[in-house]
């Protein structure tokens, strides 16, 4: 069965520092991978998906099939990036699996 | 457009009580989902409805039932609540099952004492 692992429950960085939220997956097929974000008092929303190869709010994520990873990166963190981040995988059976989430805090 | 709406926002139940969580979407989506969110566990799928008239079990269906009332509405019922069902419940929808963006409701925080 596929699994999505986010090894860090909590991550804290200072404003302006680079940030990387880790996501590893186990899946034998070709996965579709996503990052969702939940800001304080807001609903969960899509941040980006690997197939789009886009940068949203300065965040990027590269699918590394060799390392089975889809880490989320931003070169200069902002205080408004503080949120809960979920990595998710959609498999060939159309099931969406979410990781346990990482709470990012960006300190001033 | 309201997107995905859920009621109630908060609920406290006693063990053994029943209740129904309501969800509605106005985006003409075919697929709808119910998740529960627990600390350290992420979001786990309880039930889903791939299209109007169909429902299927997800990862953690025990203790729950669902009804896809029409294309817009998808309800989740707890017949006999247990403390283990204390959680935050999210409804979501998307155009179809598969690698498509899911749109989430604001959540229902349920406490079972």
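The values are calculated or read from the model by the stated rules, or taken from the named source; none is laboratory data. Predicted model, so just to flag it, every value in this text is computed and none were measured. Methodologically, a virtual Cβ is constructed for each residue, glycine included, from the backbone with ideal geometry; neighbour enumeration extends over all protein chains shown.
Looking at the structure I just gave you, is residue B:58 farther than 24 Å from residue A:93 by Cα and within 14 Å of another protein chain (Cβ to nearest Cβ)?
Answer is no for this residue.
Within segment A:27-38, take every residue that is touching a strand residue (DSSP E or B) at 6+ places or on another chain (Cβ under 7 Å) and farther than 16 Å from residue A:104 by Cα and give me the one that is surrounded by the fewest Cβ atoms within 10 Å (Cβ to Cβ).
Residue satisfying both the conditions and the ranking: A:27.
I'm checking my understanding of the structure. Among residues of segment A:94-108 that are in contact with a strand residue (DSSP E or B) (Cβ under 6 Å, 6 or more places away or on another chain) and within 14 Å of another protein chain (Cβ to nearest Cβ), which one is modelled with the lowest pLDDT?
Within segment A:94-108, the match that is modelled with the lowest pLDDT is A:96.
Would you point out the residue of segment A:22-37, among those that are over 11 Å from the mean Cα position of the chain (by Cα) and closer than 25 Å to residue B:91 by Cα, that is modelled with the lowest pLDDT?
Among them, the one singled out is A:31.
Across segment B:24-51, what is the total count of residues that are in contact (Cβ under 8 Å) with a residue 12 or more places away in the chain and touching a strand residue (DSSP E or B) at 6+ places or on another chain (Cβ under 6 Å)?
Looking only at that region, the number is 19.
Residue-wise test of (1) surrounded by 21 or more Cβ atoms within 10 Å (Cβ to Cβ); (2) in contact with a helix residue (DSSP H, G or I) (Cβ under 7 Å, 6 or more places away or on another chain).
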site	(1), (2)
B:61	no, no
B:73	no, no
B:78	no, yes
B:83	no, no
B:88	no, no
B:91	yes, no
B:96	no, no
B:101	no, no
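Of everything in segment A:3-21 that's crowded, with 17+ Cβ neighbours inside 10 Å and more than 11 Å from chain B (Cβ to nearest Cβ), which residue is nearest to the chain's Cα centre (by Cα)?
By that ranking, first place goes to A:21.
Using the structure shown, decide if residue B:11 is within 14 Å of chain A (Cβ to nearest Cβ), surrounded by 15 or more Cβ atoms within 10 Å (Cβ to Cβ) and under 15 Å from the mean Cα position of the chain (by Cα).
When the stated conditions are applied, residue B:11 does not pass them.
Hey, among the residues in segment B:38-55 that are assigned to a loop (DSSP other than H, G, I, E, B) and either more than 11 Å from chain A (Cβ to nearest Cβ) or touching a helix residue (DSSP H, G or I) at 6+ places or on another chain (Cβ under 7 Å) (or both), which one's surrounded by the fewest Cβ atoms within 10 Å (Cβ to Cβ)?
Taking the candidates together, the pick is B:53.
Write out, first by first residue and then by second, each pair whose Cβ atoms fall under 9 Å of each other, whose residues are 6+ apart or on separate chains, and whose first residue, in segment B:3-23, is on the phi > 0 side of the Ramachandran plot while the second is surrounded by 14 or more Cβ atoms within 10 Å (Cβ to Cβ) and part of a strand (DSSP E or B).
B:3/B:25; B:3/B:93; B:3/B:103; B:3/B:104
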